[in-house]
Amino acid sequence: MVSQQTKRRLESLGYKLVLFGIYTFSIFPILIVFIMALGPSQRLEFPPSGITLKWYIAAFSQFSEYIQPLIFSLRIAIIVGIIATIFGTLAAYALIRFQPRFVNGLQGTFSAPLTVPQVVIGLALLVFFYQLQLPLGEPALIIGHTVIAIPFVVIFVTTSLKEFDENLETSARDLGADKYQTFRYITLPLIKAGVFAGGVFSFIVSYNNVPVSLFLIKPGGGTTLPMVIFQNLEYGFTPDLAAIAVIQMLVVFIILGLVNLVTDVTEIF
Amino acid sequence: MLTSVTQSSRLNAFGSYIKNLLDRLSFLGALPLLSPGLVFLLVFFFIPVLILLGISFQTDFLPGTITNLTLDNYISIFSDSYFIATLIRTLVMGVAVAVSTLVIGYPVAYHITRLESSQKRAFFLLLVMVPYLTSVVVRTFGWLIILLQNGFLNTFLRWTGLSEGVKLVNNEYGIYIGLVHVFLPIAVISLMTSLGKIEPSLEKAAQDLGASRLGVVRYVLLPLSKQGLLGGFLLVFALTISSFTTPSILGGTTEVMATAIYTYVGYLTNFNLASALAIVLMIFAIIVIVVSNHLGQSRGEVV
């Protein structure tokens, strides 16, 4: 009896250790970038011999290397977020009005970019722009990122529309609201969480993207921050690169925080 | 009197027929809402992929010409031992990463679904979701710091005297570790949907009947979460063979399909061969997703 109890205890302890190991595995690689950026040494020290913000200052002072790409990335991600949210929300709203057998096919069409590897999408667009003799650069990047962002918006908004009681719309119409008013004052507030989730996800998808950007950046033109970090990592890294990587990551958390002011983030995810 | 009744019922029937027809045609009103997104994807996704397919059957790459269709690119892919090795490495990586994320993700998914408070559930879910929400370049950066020759792990190993150092980047191991890390959340979420449906009382019953914890896992949990395991496997497999950034940074010269495509464009500017490679990769990814959707639908579930 006692031996069985100790066995149970050992199993329970083993389980807890395994869990601790996995959660550490999950966050440690991200924490270490923070640690690297805070240490005073040019080389990696663990534990760091002190705490300094000089690498952040160094990162911010390299305007054309880091800050310009950051602004470029933000601009593209905001535009992509807006376009993808509008196209995706309208499509999702229309989709649930179709008969079910069409819905599956159309949903498949809208989620198709998710099934194709992003490198393939990037290459296909590069070939497409080349064949049409269109220039690469910002418009091409916005288009490429919007292609991969639309499926997320459609999925998020369709999910929240499915939970939505259609009788509410019917009642609004019966009470004299027109189609636009019904959408604006009844439907939109109720699917707000889904629309926000789609918009935020579109922003993040664009803001973090490498595989599509890789093919569509104009040589010698503006480049995105993930591309800068990606290319620098090939030749080894410095603490100021870690600092700008931390800044890149923090922007996403700040945006999630701002969204949280407008709507409950946990409701989204 | 009688005729007027039949007349009015005929009128009613006609009216409901028209109403029915209008209902069926009501989707036409939805077309204007649907079309911006649909046209956008048609022009910037479906047509470019079709052009890519065309280019993969050509040996030249001139704007606006589709002539001399040939299988040459595909023949050279499948007769080149380097490509075959890359393809096999990619598929083996897919299986290895999918199996590993499920094995590692299982205790986590179990832990989260069995937590009583929703706040704790949200906290641990966020903890495991962090890699997926973080930018790929940042998390791969972290792995470089850990895995490099003079990195965190090797410094630690030398300090303990256990090893003179292990080579964990610029090879398959680096790619494997990085990808397991990224796709762990996907496996966890996939398993959570299955594990969440299992009644905790079943485990209690098995334990009362004398099963050990591992016995409960082996005879109760695993059989009941088959669906989540299969769905998670296919999803992580598809994502792994499609991934580019992590293998590119941590694999160095060790290539997988996605990085080989870029090499052919970026350094060798052979668009035709790159297109053929892209089509091969795309076909593998689509097959896996279609199978996974089909399995999900046949059991009335979306994976």
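The values are calculated or read from the model by the stated rules, or taken from the named source; none is laboratory data. The structure presented is a predicted model; accordingly, all values stated were derived computationally and were not measured. Here Cβ is always computed from backbone atoms with ideal geometry, including for glycine, and neighbour counts include all displayed protein chains.
How many residues does region B:90-110 contain that are over 16 Å from B:I241 (Cα atoms) and touching a residue at least 12 places away in the same chain (Cβ under 8 Å)?
Residues meeting the conditions: 7.
Only one of (1) closer than 30 Å to B:S76 by Cβ; (2) modelled with pLDDT under 85; (3) more than 10 Å from chain A (Cβ to nearest Cβ) is not met by B:G266, so which one is it?
Of everything listed in (1) closer than 30 Å to B:S76 by Cβ; (2) modelled with pLDDT under 85; (3) more than 10 Å from chain A (Cβ to nearest Cβ), B:G266 misses just condition (3).
Would it be correct to say that B:F45 is surrounded by 15 or more Cβ atoms within 10 Å (Cβ to Cβ), modelled with pLDDT under 75 and part of a helix (DSSP H, G or I)?
Judged against the criteria, B:F45 is not a match.
For region A:133-165, which positions are within 30 Å of A:I186 (Cα to Cα), within 13 Å of another protein chain (Cβ to nearest Cβ) and surrounded by fewer than 23 Cβ atoms within 10 Å (Cβ to Cβ)?
A:I155, A:T159, A:L161, A:K162
Consider A:Y130 carefully, then state whether it is over 23 Å from the mean Cα position of the chain (by Cα), within 7 Å of another protein chain (Cβ to nearest Cβ) and not small (G, A, S). Show your work before the answer.
Numbers: over 23 Å from the mean Cα position of the chain (by Cα): yes; within 7 Å of another protein chain (Cβ to nearest Cβ): yes; not small (G, A, S): yes.
Yes.
In contact (Cβ under 8 Å) with a residue 40 or more places away in the chain and more than 11 Å from chain A (Cβ to nearest Cβ): which single residue out of B:L230, B:L209, B:L202, B:L250 fits that description?
Of the residues listed, the single one that is in contact (Cβ under 8 Å) with a residue 40 or more places away in the chain and more than 11 Å from chain A (Cβ to nearest Cβ) is B:L230.
Give region A:219-235 a look and list any residue that's surrounded by 12 or more Cβ atoms within 10 Å (Cβ to Cβ) and within 11 Å of chain B (Cβ to nearest Cβ), or say none.
A:T224, A:L225, A:P226, A:M227, A:V228, A:I229, A:F230, A:Q231, A:N232, A:L233
Could you say whether any residue in region B:269-278 is outside any helix (DSSP H, G or I), assigned by TED's automatic domain parsing to the domain that holds B:W143 and either at pLDDT 90 or above or not charged (D, E, K, R) (or both)? Before the answer, list the steps.
Initial filter on region B:269-278 (outside any helix (DSSP H, G or I)): B:269-270.
Of the ones still in play, those that are also assigned by TED's automatic domain parsing to the domain that holds B:W143 are B:269-270.
Add one more test, that the residue is either at pLDDT 90 or above or not charged (D, E, K, R) (or both), and what stays is B:269-270.
Yes, that holds for at least one residue.
Under the condition of being outside any helix (DSSP H, G or I) and in contact with a helix residue (DSSP H, G or I) (Cβ under 9 Å, 6 or more places away or on another chain), which residue from region B:248-268 is surrounded by the fewest Cβ atoms within 10 Å (Cβ to Cβ)?
Checking each candidate, the answer is B:L268.
Scan A:I51, A:I30 and give me the residue that is within 13 Å of chain B (Cβ to nearest Cβ) and under 24 Å from B:W159 (Cα atoms).
None of the others qualify; the one that does is A:I30.
Filter region B:111-129 for residues that are touching a residue at least 12 places away in the same chain (Cβ under 8 Å) and in a helix (DSSP H, G or I); which is farthest from the other protein chains (Cβ to nearest Cβ)?
B:T113
Any residue that is facing another protein chain (nearest Cβ under 9 Å) and small (G, A, S) - is there at least one of those in region A:99-110?
Scanning region A:99-110 turns up at least one residue that is facing another protein chain (nearest Cβ under 9 Å) and small (G, A, S).
Please go through (1) assigned to a helix (DSSP H, G or I); (2) modelled with pLDDT under 95; (3) in contact with a Ser or Thr (Cβ under 6 Å, 6 or more places away or on another chain) for A:V80 and return the number of the only condition it doesn't satisfy.
Among (1) assigned to a helix (DSSP H, G or I); (2) modelled with pLDDT under 95; (3) in contact with a Ser or Thr (Cβ under 6 Å, 6 or more places away or on another chain), the lone unmet condition for A:V80 is (2).
Quick check on region A:36-44. Is at least one of its residues within 8 Å of another protein chain (Cβ to nearest Cβ), under 30 Å from B:L125 (Cβ atoms), surrounded by 12 or more Cβ atoms within 10 Å (Cβ to Cβ) and under 31 Å from the mean Cα position of the chain (by Cα)?
yes
Could you grab me the full set of residues in region B:102-142 that are buried (at least 19 other Cβ atoms within 10 Å of the Cβ) and closer than 19 Å to B:I249 by Cβ?
B:P131, B:T134, B:S135, B:V136, B:V137, B:V138, B:R139, B:T140, B:F141, B:G142
Which one of these is buried (at least 18 other Cβ atoms within 10 Å of the Cβ), under 20 Å from B:V136 (Cα atoms) and touching a residue at least 12 places away in the same chain (Cβ under 8 Å): A:L126, A:L216?
That would be A:L216, the only listed residue that is buried (at least 18 other Cβ atoms within 10 Å of the Cβ), under 20 Å from B:V136 (Cα atoms) and touching a residue at least 12 places away in the same chain (Cβ under 8 Å).
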